[in-house]
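Read-outs: derived from the displayed coordinates by stated rules, not from any lab. What you see is a predicted model; the values in this text were computed from it and never measured. No Cβ is skipped: glycine too gets one built from the backbone with ideal geometry, and neighbour counts run over all protein chains shown.
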Amino acid sequence: MSDQSIAFVRHETLPPSPPPASETGIVKWMRENLFSSVTNSILTLAALYTVYSILSGSMPWILGGIWQAPSLQACREILAGDSAGCFAVLTERWHQLIFGFKYPQEAYWRPTLAFVLLIVAVAPVLFANLPRRMLILTGLYPFIGFWLIWGGTIMAPLMGLVGFIVAYIVFQRLERSSFAMGVLGGLVAAIIVWTLGGYVSDAMSGFLALEQIPSRDMGGFMLNIILGTVCVSLSLPIGILLALGRQSNMPIIKIICVVFIEFIRGVPLITLLFVANVVLAYFLPPGTTFDLILRVIIMITMFSSAYIAEVIRGGLAALPRGQYEAGDSLGLDYAQSMRLIILPQALKISIPGIVNVAVGLFKDTTLVSVISMFDLVGMIRGPILASTEWNGVYWELFGFASLLFFIICYGISQYSQWLERQLATDHR
Amino acid sequence: MTSINDPKPESFQLSQLMNDTRYRSYTFQFIALIVLFFLVGYLYLNLVENLRTAGLDISYEFLGEPAGYDINQRLVEYNSQSSHWRASVVGVLNTLLVAFVGCILATIFGVTAGVLRLSNNWIVAKLMAVYVEIFRNVPVLIWILIINAIFLIALPQPKAFKSRGGNPPEAEMLWDSFAFTGRGIYAPKPVFETGSWVVVAVFILSIIGVFAYRRYAKFALYNHGRDLPRGWPSIAILFVPAILAYFVMGSPIGLEYPQLKGFNFKGGIWARGSFVALTFALAIYTGAFIAENVRAGILAISKGQTEAAAALGIRPGRIMSLVILPQALRVIIPPMISNFLNLTKNSSLAIAVGYMDITGTLGGITLNQTGRAIEAILLLMAFYLAISLGISAIMNVYNNSIKLKER
Amino acid sequence: MKKSVILGALTVAGLAASAAVAGTMDDVKARGKLNCGVTTGLVGFAAPDANGEWQGFDVGVCRAVAAAVLGDPKAVEFVPTTGKTRFTALASGEIDMLARNTTWTFSRDVDLKFEFTGINYYDGQGFMVPKDLGVGSAKDLDGATVCIQTGTTTELNLADFFRSNNISYEPVPIETNAEAQQQYLAGACDVYTTDASGLAATRATFEDPSAHVVLPEIVSKEPLGPLVRHGDNDWGDVVRWSLNALIAAEELGVTSANIAELSAAPTNNPEVNRLLGTEGNLGEMLGLDAEWAKRAIMAGGNYGELFEKNIGENTPIGLARGLNAQWKNGGLIYTPPFR
């Protein structure tokens, strides 16, 4: 009886059975992420097919590439009818692609070192948790970089630096009486020092001198980097001034700034480069020798400062009204409240926008190839594709150029996104 | 006693110009004006001096002279005997065409990629992310050159459509009516014969009818709560009457098919290779930027909105079109405008693929042939400036019209 | 009152600026370098080689002038120019001379205020087609797609040619020779047209040159030569006679091999003596020293040597002398006498 009444009772708990195969691991992941509905499945298959056809088309071409050959004809002979890349052009001409065709080979270490230092100098600006003392290098960098790339005596950049220091000291002295007087005094002091310094550096032209390299000898990817860095850093202060001018309540200054910004933003960069190349010479005093790279730097700086001004204006407008009023109520004058209260905050929130402008500008430096300058793209479209050896190599060169730009621009834009997340204070 | 310390109200000292906030702004503005005046005067005098030594002058008479060169794509009547001015007009229209088509395509690419990037399909989302990053981070000039090369090499040339020596041709036309060649895309062209105006008129009336029906459906939904179907009736209203009219009138609209004659296809509609490549390159490049704007716009709408709509029982597709998109558009539109402007300005790189836009005609061959650099570039800048300001003005009006109406 | 002060200051600035203008020759000598405008890259005429040295026929002319004026054929700064920028570069003084296979035309000479200082290459516009197209004459090209290199007189000649023959065509303007070539090879155009010398140079670099033919028609006259600014006649003379010296040297049998010997002592040929400065004072008349022409010739050889070395039949470009032979050999190359 007891046998009948006692039902089977399990004494120990069953080990949990694994979830059904369709609800676990890769299968579940695929079900949820790839095949959750009919449309999704079709999309997945289409995407897979796209990836497959791109890879199957390009991989053999890339992997089977030839890296050592003196010319395209030789490459074709080695390949014997197979279709594969002829990357030998990159190994053969890499120095032209990177440094241009006239920069002296024995001096390649100089731009390379300048580039490495550039990264070190920019780092403390970009990452706030690095030691603040590194900012000293950032301040010195423009002079070191100039000396390394252009060469000549170290006295010239040194005098430039001294000029800035003197200007700053004079500015601090005079600032107490009036900000404007300080700026004026600093300017005058700097000009005096630079004029005197010009004689000094002429007199000591052999002192710690590197071989002088004229700027028209710069080329290749180095030229893109130089143009990008120089123009962005020059356009920052100009952009700030323009943004302040546009926000100011002095009508004439406001009009000047608005017209300048809207004019520059309304025309394509290429027309400004045409101006630099074709027209600007007519507006300079006769007989001025003003080389092309300098004219281009002026034009690109004007271009990017207009865009940066708009970004900073956005930052200024985004600040709550109370910040401006706080400055006023503390009895600060315009210069003080801008310098101490408004600009630090406005600049901080505009950094991602500025970085985006910088990336766009860096990409736009390739346009100088249209006005017969031999930057990376100009090098490819000009001397390399025109040479008898490498006439007809196309994909390899442009692939290489895209890769270089992609690495740098992607890196910077990732930084900008990271920064945006850092700055985001609203936790949604 | 206090009156001794009071400044005399009428006394004005020079230092007040610098130190008194009431006058200081006048001083600054005056200085700014002087500097500007000096700068402009200096540049102008240099110009006059340089032109005098070179024996040149500024004159726009060259615009009236025969251009002497041919342009392949001309939307208005033009031949090599037309004036430089006419050539510029052709260039202007070509620029506008590329900008217009490019903006539409870029919007399609951008919105598709932006929405798909948020899709819960992992591989599609990743693929779209790759597209956006690759195109955003490589200069547009390189993309134009690469895409042009891809079009050139991937598509067959007209002579591949010819059969040679009994061999079948290497390439065939799609449905005998479309030809995709490296020189462009050829499609059939409708030919309107007598009586065709009836069909056209019916079709236009149908379009009006569709709008009327949609209005009525909206009215029915809001006022009576009846949810009328919208999809299939719209299509029916659009096409059925027109097709009926077409057969009633005895098929008055024929198609002119492109045919291979001599070196090229003749007849039909032809989109030139350079135009296709340039438009596509600009659109896909700008599309990557628009995709990011669209994504940011959609992400800016808080999840609560989606959930609230779902709680009200709205279907997922309608949540997107009725709740999310109208709100997201306010975030998306302003950067989209500047992307359209960028596309228009980037179209000035057309010369890299041999498309004759305004930079290619006025700023290119005309400038080369006449040597009138200053005049040509001034006109060129004025044109782009007018377009940019025009588009911003129109878009600002639109932007204001969709702005949140606040009380 | 203020206004007049400002205007006065502006005038002073303008005057100070204009006072800086001097003769081009003095500028070049003071600078120690000759700024010579060349193309951005056309093999045979001017292109940097793998080591970054500019090479080519036009480059040779620049070097000869630099050697004559400055005594050093290497004292040349080559300024690459495009079709668009070359004239402004010259007019604005950025370059001292332009040797960029530029066609001598009436309007460039008269309206643009330049001075052509001679002709170093007689060219003409031709057409190249793939052989399998089966075209024997340019007049069979009705409806063809034609690739043109822009920024030259080419597009004008082409329009004239097709209009006068009343046939239609589809122009595809391309900026650089390399890209035009790519389009042509990909079949985006049926015909490639540019100067016949350029066609030969381009064809030489093809994978299979024999699959392409240059049509017999030459549709234009393209006398190419160096040019300088209008108005500076002294400098124009220097460039003109430096080029003529190269031509005369070939005519008189003076080569870079025997020039040292010929210039050591006066020879029996008085014209050789005058050219090499062992007799007369031609150099002095130009404002140079007696050995100017000797240096110009030693820079890269005489005209014939330059031709053979850069674009002649033994180079990949493989151009025959043709019109560019000496007048004694039935060509057009002819220099006024040195006396």
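Over the range B:58-157, all Cα pairs binned in 10 Å intervals from 0 give whole-percent P(r) values of 13, 25, 28, 19, 11, 4, 0, listed from short to long. For chain A, excluding the exposed loop sites themselves (chymotrypsin sites (Phe, Trp or Tyr not before Pro), DSSP loop, at most 16 other Cβ atoms within 10 Å), the longest remaining stretch covers A:291-428. Around the amide H of B:THR181, modelled in the peptide plane, lie the amide H atoms of B:TYR186, all under 5 Å away and 5 or more residues distant in sequence or on another chain. For the range C:159-236, the set of trypsin sites (Lys or Arg not before Pro) satisfying both a DSSP loop assignment and a count of at most 15 other C-beta atoms within 10 Å is given as C:LYS221. Taking 1.002 mPa s as the viscosity and 20 °C as the temperature, the Stokes-Einstein diffusion coefficient of the range C:125-220 based on its alpha-carbon Kirkwood radius rounds to 165 µm²/s. Pairwise alpha-carbon distances in the range C:180-339 exceed 19 Å for 63% of all pairs.
With N as its number of residues, the range A:216-428 has a Cα radius of gyration that, divided by 2.2 N^0.38 Å, comes to 1.21. Starting from the Kirkwood radius over alpha-carbon pairs of the range A:350-416, derive D by Stokes-Einstein at 37 °C in a medium of 0.692 mPa s and give it in µm² s⁻¹. It comes out at roughly 250 µm²/s. Here the dipole of the protein assembly as shown is about 4360 debye; that uses its Cα centre as origin and unit charges on the Cβ of Lys and Arg (positive) and Asp and Glu (negative).
Sorting A:CYS231, C:CYS189 by the number of Cβ atoms found within 10 Å of their own Cβ, with the fewest placed first, yields A:CYS231, C:CYS189. A Gaussian network model of chain C, with springs between Cα atoms under 10 Å, assigns the largest mean-square fluctuation among C:LEU288, C:LEU70, C:LEU133 to C:LEU133.
Note on the range A:214-282: the C-alpha convex hull projects to 6.2 nm² when averaged across all orientations. Within the listed set B:ALA291, B:ALA393, B:ALA99, the Gaussian network model of chain B (springs between alpha-carbon atoms below 10 Å) gives the highest mean-square fluctuation for B:ALA393. So what's the angle, to the nearest 10 degrees on a 0 to 90 scale, between helix A:251-266 and the longest Cα principal axis of chain A? The helix A:251-266 is inclined about 50 degrees to chain A. Residue by residue, the range B:122-132 carries 3J(HN,Hα) couplings of 4, 5, 5, 4, 5, 4, 5, 4, 4, 4, 4 Hz when phi is fed to the Karplus relation 6.51 cos²θ - 1.76 cosθ + 1.60 (θ = phi - 60°); x denotes Gly or Pro.
What the Cα atoms of the range A:94-161 give is an Rg and a Dmax of 13.9, 41 Å. Relative to the longest principal axis of the Cα atoms of chain B, the long axis of helix B:140-154 lies at roughly 20 degrees. In the calculated pair-distance distribution of chain A, the portion above 27 angstrom amounts to 67 percent of the Cα-Cα pairs. For the range A:21-63, taking Cα atoms only, Rg and Dmax work out to 13.9, 41 Å respectively.
Pairs over the 20 Å Cα-Cα cut-off, from the set B:LYS126/B:LYS303; B:LYS189/B:LYS261; C:LYS74/C:LYS309; B:LYS159/B:LYS266; C:LYS113/C:LYS294: B:LYS126/B:LYS303; C:LYS113/C:LYS294.
Derived scalar couplings between HN and Hα for the range A:406-419 equal 4, 4, 5, 5, 5, x, 5, 6, 4, 4, 4, 5, 4, 5 Hz in order, rounded to whole Hz, by the Karplus curve 6.51 cos²θ - 1.76 cosθ + 1.60 (θ = phi - 60°), x for Gly and Pro. What the Cα atoms of the protein assembly as shown give is an Rg and a Dmax of 34.8, 149 Å.
Here the spin labels are modelled as points 7 Å beyond Cα on the Cα-Cβ line, and at B:PHE239 and B:ALA393 they lie 4.2 nm apart. Taking N as the residue count of the range B:142-281, its C-alpha radius of gyration divided by 2.2 N^0.38 Å amounts to 1.52. Unpaired cysteine residues in chain A (no second Cys Cβ under 4.7 Å): A:CYS231, A:CYS257, A:CYS409.
Counting only Cα atoms, the range B:190-249 measures 46, 17, 15 Å along its principal axes, largest extent leading. Using a Gaussian network model of chain C in which every pair of alpha carbons under 10 angstrom is joined by a spring, one finds that among C:ALA186, C:ALA50, C:ALA200 the greatest mean-square fluctuation is at C:ALA50. Dividing the summed -39500 (n - 2.57) terms of all DSSP H runs of n ≥ 4 by the residue count of the protein assembly as shown sets its mean residue ellipticity at 222 nm at -18500 deg cm²/dmol. Average 1/r across all pairs of distinct alpha carbons in chain C, invert it, and you get the Kirkwood radius: 21.5 Å.
Relative to the longest principal axis of the Cα atoms of chain A, the long axis of helix A:343-364 makes an angle of roughly 80 degrees. Over chain B, the alpha carbon radius of gyration divided by the compact-protein estimate 2.2 N^0.38 Å works out to 1.38.
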